Amino acid sequence: MTPRVALISTGTELLRGRSLDTHLSRIARELEPLGFEVGFHATAPDDLVRIVEEIRLAAARAPIVILTGGLGPTEDDFTRRAAAEAFGRPLEFSAPAWSAIRARFRKFRIPMAANNRRQAFLPRGARLLPNPLGSAPGFEIASGVRRFFALPGPPREMIPMLRRSVLPRLSPQGKPFKLWEATVFGMPEGTVDEIVAPIVRRGGASYGITVSGGVIRLSVKSAKGSPAAIGRAISKALGIHLVGPGNLEQTVADLLLRSKRTIAVAESCTGGQIVDRLTDCPGISASLLEGWICYSNAAKTARLGVPGDLIRRHGAVSGEVAASMAEGAARAARADVGVATTGIAGPSGGSRAKPVGLVWHAVHYGGRTRVERREFPGERADVKRRASNLALDLVRRALLHA
C-alpha cells in the first residue's frame, strides 16, 4: 500500500476565494516520485481551535503531515501555537531562528517590527527548518511514528524548503515511480483517453489526464522501469496533437530558438496574453521582436497597416482583418512569423452573426497566412485563455510545417 501524506493549508483568504490554493498539486507532484501519495487534504481558516483540530485529525489519518501557512509575525498567524497545543509541547524561544530572522532583515536593510520576534518561538523539541527566501522559519516535530512539518505559505518560499528540508528526510517507499509527462492540444479529452488507455495498459503502467482551457496534460506513472517506451508509443499515436513535455509557450519558444526564427504578435481580444506567456520562456528575447495590443480599429490601421476599408467591409472581428494584422505585424517587425487574434470575449458585444466567444486567429509564415475561426465557451477570461492557447498552437504547427 502506498504510504499516505496529509496536507493542511491555512488561511482564511483561501476559504473566501481571495487566494488560490495551489499547494496540493505542487506538493503531490514532489512526493509522487518518492512513492508517497496525498491521502488527505484540508484547508483551515486563521483560527487557532480549527487549526489544532485539523492537525490532530491529519495526524490520526497519516504518518506524515505537512502544513503550510500561518508562520508570519501577525496575530492571526497561529501555526506555531496550534502545533504546540496539538502535540502537547510548550513554545520555546529559538536563538538560531531569531538569529536567522535578524540576519535577513539586516541583509536587505529593512526595518524589523517588534512582532517579528514571535517567529522565533517553536514548539519544544522541534527541529528548525531554515527559510533562505523569507523571514518565516519552518519546523519539524517528531512524535512517535508521526512526523509533522510546518512550512510557510508563499510558494516561492515553501517549495524550496520542501525540497531542501522535507523531501530528503523522507525515505523512498519501495521502488520510486518514474514519470513521463506531456501536453496535448487540439483533441478532445475522451479521444485522448481512448488512444492512450490501451497503450498504457499494455505497458503495465498507470496514467492521469488533466484538462484546462482545452490543454490536456498527460502523466504516465510506472514502477516497472522507464515509461519512455510507453511515451514514444503515445507520441506516435497522437501525432501532431502531442505538443511535447513542456507547455504550449515553452514548446513554441523552443521551436523558434532552435530554428532561429523571429516572431511578432498582434493582439486585440487576448490583450497581451500571447506575448506575456512567451516572455515567461528564458531566452525568448532572441526570437520575440515586437508585440502590439491593437484594441481599436484606428490602432489596427495605424500600427499594423490594416486597411480601413477592409475593416468597414468585414468588421474588426473577421478572418480578413486577422490575416491583415498578422501580416502587418510580421512586416512592421521584419519577423519570420506574425500571429494575430481578434474576437469578442464578452460578456456583451456579440450578435447572431458574430456571437460572444468568437475569435479569429491568423499566423503568417513562409509567405502564407493561415486563418482559423473558433467559438469558445466560458466567461471573458476563459475565452481569452483559450484564444491564446490556440494562437500558440497554430504557431507551433506552422513552425513544424504541419
Could you say whether any residue in the stretch 275-283 is among the hydroxyl-bearing types (Ser, Thr, Tyr), outside the structural domain of LEU390 (by TED's automatic domain parsing) and surrounded by fewer than 21 Cβ atoms within 10 Å (Cβ to Cβ)?
no
I'm trying to understand the selection: among the residues of the stretch 59-110, which are closer than 23 Å to GLU13 by Cβ and among the aliphatic types (A, V, I, L, M)?
VAL65, ILE66, LEU67, LEU71, ALA82, ALA83, ALA86
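If you scan the stretch 288-321, which residues turn out to be within 29 Å of the chain's Cα centre (by Cα) and farther than 9 Å from ALA266 by Cα? Break it down stepwise before answering.
Initially, the stretch 288-321 is screened for residues within 29 Å of the chain's Cα centre (by Cα), giving 288-295.
Within the stretch 288-321, LEU288, LEU289, TYR295 meet the criteria.
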Of all residues in the stretch 259-292 being in a helix (DSSP H, G or I), of a type in the set (S, T, N, Q) and touching a residue at least 60 places away in the same chain (Cβ under 8 Å), the one that is farthest from GLY343 (Cα to Cα):
SER259
For the stretch 210-233, enumerate the residues that are surrounded by 14 or more Cβ atoms within 10 Å (Cβ to Cβ), in contact with a strand residue (DSSP E or B) (Cβ under 6 Å, 6 or more places away or on another chain) and not in a loop (DSSP other than H, G, I, E, B).
VAL215, ILE216, ARG217, LEU218, SER219, VAL220, LYS221, SER222, ILE230, GLY231
Condition first: among the β-branched types (Val, Ile, Thr) and either under 29 Å from the mean Cα position of the chain (by Cα) or not assigned by TED's automatic domain parsing to the domain that holds VAL145 (or both). Now tell me which residues in the stretch 41-73 satisfy that.
THR43, ILE51, ILE55, ILE64, VAL65, ILE66, THR68
Would you be able to say whether some residue in the stretch 153-176 is surrounded by 13 or more Cβ atoms within 10 Å (Cβ to Cβ), assigned to a strand (DSSP E or B) and at pLDDT below 95?
no
Hey, among ALA322, ALA391, ALA332, ALA362, which residue is in the same structural domain as CYS294 (by TED's automatic domain parsing), closer than 21 Å to LEU278 by Cα and surrounded by fewer than 19 Cβ atoms within 10 Å (Cβ to Cβ)?
ALA332
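The values are calculated or read from the model by the stated rules, or taken from the named source; none is laboratory data. Keep in mind that this is a model prediction, so the values were computed, not measured. Positions of Cβ are generated from backbone atoms using ideal geometry, with glycine treated the same way; all protein chains shown enter the neighbour counts.
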